[in-house]
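K.L.:
Pasting a structure below so you can have a look.
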Amino acid sequence: MTSTELSSILSGPRQSLAPDWFRELQAKAWEEFEAEPSPTRNNELWRFSSVKNLALDDYVVPPVFSGDPSALTRLREFPNPAGRIIFANEALVTAGLLDPALERAGVIFTTLSEALEKHSDRLQEHFMTQPARLGSAKFAALHKSVVQAGIFLWVPRGVEIRDPFEVFHLVQGDWSAIFPHTLIIAEDNSHVTLVEHFISANPEDRGLACGVNDLVLKPGSKLSYVSIQEWSKSFVSVQVNSTVAGRDSAALNLAMNFGGKYSRLESISRMVDRGARSDMLAISVARDDQEFDQRTLQDHQKPDTTSDLLYKNALHDRSRTIFSGLIKVEPGAHRTDAYQKVRNLLLSDDAEANSMPGLEILADDVRCTHGATSGQVEPEELFYLKSRGIDDLAAKRLIARGFLNEVVDRLPEEHLSEYLHQQIEARL
């Protein structure tokens with residue numbers, strides 16, 4: 001089947017057997033998508049962005065995936081996950097809990113379509129209830145109007161799960177577009193981790209991913225979310241992450257970016273009650289003419305909350321990164337403790353890093369710091385390695401690996417950190 005025979009993503013909401021409230025939500029979202037203007041660089045929220053990459057006219061609903069999905073997942077799988085779900089061109093390949101004890105404990109780990117059928121009330125309360133405030137409202141509305149493939153993870157009160165859950169989104173076919181959704185609800189005093197992979201089957205395929213995450217942390221819960229993005233070199237992605245952290249909860253969000261032509265990551269963390277904490281982490285390895293466009297908001301809405309952002313980018317060749325981040329302390333959010341640090345390692349004279357950290361403080365008695373640095377490899381470091389017989393390229397890879405390790409080492413789970421170090425090593 002050729003791309004001209006496949007349905008355009010601009011043909012409107014897809015038919016589904018979802019509950020009435022969800023179909024009404026999708027119809028309204030389509031109206032919002034059509035009403036929202038396309039991004040322009042005149043908009044401060046799209047400053048420096050290569051918005052020419054965001055034309056949507058040629059993208060289509062993906063065809064049936066051909067081949068063996070396990071050939072793509074096998075080397076990337078976590079050794080002993082709590083559960084695994086695999087999508088290939090938005091069609092379900094496999095899904096399930098791998099530990100029977102979790103099912104007895106009441107854990108729900110399932111697809112979005114099944115959750116709409118069996119857990120509709122929980123979804124209705126939390127599905128995309130937070131606005132996309134960092135520029136991608138048009139893409140969030142498109143996602144909401146056509147989304148079909150996604151996962152729902154619900155962890156009951158007091159349940160602590162050591163091993164991570166794992167989700168794969170595989171894409172195949174030129175001009176294919178997917179709309180992955182992740183909704184995680186961690187109930188009071190629970191503890192859970194999820195690792196999500198985004199993978200192109202063919203390195204030459206053009207494609208689009210327009211994804212949304214809803215991470216909901218109830219009082220005292222701990223949630224770690226890790227994404228590993230490996231799209232093809234001609235892929236465009238827009239990812240909107242939303243974290244809502246309740247009283248005394250701790251959220252950790254780590255984005256690992258390796259692929260794509262243009263990747264836009266918007267991440268908002270809302271600390272909505274006392275004692276909430278959010279760690280926002282990212283590493284990006286950019287090559288050729290790749291562009292990573294990162295926009296963040298650390299929104300402190302109540303007193304005694306903490307956030308810590310650390311983004312690191314390693315740039316080769318003619319690649320570009322953009323970072324625009326804001327720490328916002330709302331009125332009355334006293335004793336906020338917030339940090340924001342962005343570091344760019346320029347491994348080429350032609351690489352470009354644009355960083356725009358910011359503060360908006362509307363409360364007293366706070367401690368907020370931010371900073372951004374960009375620099376090349378120190379000549380002494382390079383000389384030290386090359387004098388020991390290491391060639392120039394290998395020396396730069398070693399330096400880049402050490403530069404990025406600091407981010408992964410922030411994860412509290414040692415076995416997960418070791419796994420992610422292996423994933424970075426394979427891609428450097």
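K.L.:
How would you classify region 203-242 from its alpha-carbon gyration tensor, with a ≥ b ≥ c the square roots of the eigenvalues: rounded for a/c under 1.5, else prolate if a/b is greater than b/c, otherwise oblate?
P.N.:
prolate
K.L.:
Counting only protein heavy atoms and using a 1.4 Å probe, what share of the accessible area of region 20-132 belongs to carbon plus sulfur, as a whole percent? It would help to have the intermediate numbers written out before the result.
P.N.:
Values: 3060 of 6460 Å².
Carbon with sulfur: 47 percent of the solvent-accessible area.
K.L.:
Just tell me which aspartates and glutamates come within less than 16 Å, Cα to Cα, of K222; anything on the same chain fewer than 8 places away is out.
P.N.:
Correct list for K222: E160, D163, E187, D188, D214, D248, D273, D279, D308, E413, E414.
K.L.:
Let me ask another. Once phi is turned into θ = phi - 60°, what whole-Hz ³J(HN,Hα) does the Karplus curve with 6.51, -1.76 and 1.60 give for every residue of region 225-237, x standing for Gly and Pro?
P.N.:
Per-residue couplings from phi come out as 10, 10, 10, 10, 9, 9, 6, 5, 6, 10, 8, 10, 9 Hz.
K.L.:
If you don't mind, another one. For region 1-158, what is the accessible area per residue in Å² when the probe is 1.4 Å?
P.N.:
Value returned for region 1-158: 54 Å² of accessible area per residue.
K.L.:
Can you tell me how region 122-252 classifies by the Cα gyration tensor, rounded, prolate or oblate, using a/c under 1.5 as the rounded cut?
P.N.:
Prolate shape, in that a/c is at least 1.5 and a/b is the bigger ratio.
K.L.:
Report, please, the projected area of the chain averaged over directions, based on the convex hull of its C-alpha atoms, in nm².
P.N.:
20.6 nm²
K.L.:
Give me the percent of DSSP beta bridges within the chain that run antiparallel, rounded to the nearest 5.
P.N.:
Percentage antiparallel, nearest 5: 5.
K.L.:
Let me ask you something else. Tell me the volume per residue, in Å³, of the convex hull enclosing the alpha carbons of region 319-372.
P.N.:
Hull volume normalised by residue count: 54 Å³.
K.L.:
Which value in deg cm²/dmol, rounded to the nearest 500, describes the helix-derived mean residue ellipticity at 222 nm for the chain, given -39,500 (n - 2.57) per DSSP H run of n ≥ 4 and division by the residue count? Present the calculation step by step, with values, prior to reporting the outcome.
P.N.:
On the way: 9 runs with 88 residues, N = 428.
After summing the helix terms and dividing by the residues of the chain, the value is -6000 deg cm²/dmol.
K.L.:
Using the Karplus curve 6.51 cos²θ - 1.76 cosθ + 1.60 with θ = phi - 60°, work out ³J(HN,Hα) for each residue of region 376-382 in order, rounded to whole Hz, and write x for Gly and Pro.
P.N.:
Taking θ as phi minus 60°, the curve returns 8, 4, 5, x, 5, 5, 5 Hz for region 376-382.
K.L.:
Multiply the residue separation of K341 and N80 by 0.36 nm, subtract the distance between their alpha-carbon atoms, and state the gained length in nm to one decimal.
P.N.:
90.6 nm
K.L.:
Continuing with this model, one more query. Please report Rg over Rh for region 75-179, where both radii come from the alpha carbon positions and Rh follows the Kirkwood definition.
P.N.:
0.99
K.L.:
In the calculated pair distance distribution of region 44-109, what percentage of Cα-Cα distances lie above 19 Å?
P.N.:
58 percent
K.L.:
For region 13-78, what does the alpha-carbon gyration tensor say about shape, rounded, prolate or oblate, given a ≥ b ≥ c as the root eigenvalues, a/c under 1.5 as rounded, and a/b over b/c as prolate?
P.N.:
It comes out oblate by the Cα gyration axes.
K.L.:
Additional query: Select from region 398-428 those trypsin sites (Lys or Arg not before Pro) which occupy a DSSP coil region and have at most 14 other Cβ atoms within 10 Å, ordered by residue number. Working shown, then result.
P.N.:
Working: sites: R401, R410, R427; in loops: R410.
Sparse-neighbourhood loop trypsin sites (Lys or Arg not before Pro): R410.
K.L.:
State in Å² the accessible area per residue of region 269-428; use a 1.4 Å probe, count heavy atoms of protein chains only, and round to the nearest integer.
P.N.:
Averaged over the residues of region 269-428, the accessible area is 43 Å².
K.L.:
Can you give the three extents of the C-alpha atoms in region 290-396 along their principal axes, from longest to shortest, in whole Å?
P.N.:
58, 26, 14
K.L.:
Stick to the Cα atoms of region 198-296, pair each with every other, and give me the Kirkwood hydrodynamic radius in Å at one decimal.
P.N.:
14.1 Å
K.L.:
Roughly speaking, to the nearest percent, how much of region 214-292's 1.4 Å accessible area is carbon and sulfur?
P.N.:
Its accessible area is 44 percent carbon and sulfur atoms.
K.L.:
According to the Cα gyration tensor, what semi-axes, each the square root of 5 times an eigenvalue, does the equivalent ellipsoid of region 263-333 have, listed from largest to smallest in whole Å?
P.N.:
30, 10, 7
K.L.:
Could you pull the accessible area for Y59 with a 1.4 Å probe, rounded to 10 Å²?
P.N.:
We get 10 Å² for Y59.
K.L.:
Further question on the same structure: When the accessible area of region 351-422 is split by element with a 1.4 Å probe, what percent falls to carbon and sulfur?
P.N.:
Here carbon and sulfur together make up 50 percent of the probe-accessible area.
K.L.:
Where in region 128-203 are there trypsin sites (Lys or Arg not before Pro) that are in a DSSP coil and have at most 15 other Cβ atoms within 10 angstrom of their Cβ?
P.N.:
R157, R162
K.L.:
What is the distance in Å between the Cα centres of region 244-321 and region 77-151?
P.N.:
Using only Cα atoms to place each centre, the spacing works out to 21 Å.
K.L.:
I would also like to ask the following. Among DSSP beta bridges whose residues both lie in region 96-203, state the antiparallel percentage, nearest 5.
P.N.:
Rounded to the nearest five, the antiparallel share is 20 percent.
K.L.:
Within 10 Å of each candidate Cβ there may be at most 12 other Cβ atoms; applying that plus a DSSP loop requirement, which GluC sites (Glu not before Pro) in region 190-238 survive?
P.N.:
E204
K.L.:
Dividing the Cα radius of gyration by the Kirkwood radius, what Rg/Rh value follows for region 9-51?
P.N.:
Reported Rg/Rh, Kirkwood definition of Rh: 1.17.
K.L.:
Let's test this: bin the Cα-Cα distances of region 339-428 at 10 Å from zero up to the farthest pair and state each bin's percent.
P.N.:
The distribution over region 339-428 is 13, 32, 34, 16, 4, 1, given as percents.
The values are calculated or read from the model by the stated rules, or taken from the named source; none is laboratory data. Computed from a predicted model, the values in this text were never measured in an experiment. Cβ: placed from backbone, ideal geometry, glycine included. Neighbour counts: every protein chain shown. Only protein heavy atoms, including side chains, enter the accessible area calculation; ligands, DNA and RNA are left aside. Shrake-Rupley method; radii C 1.70, N 1.55, O 1.52, S 1.80 Å.
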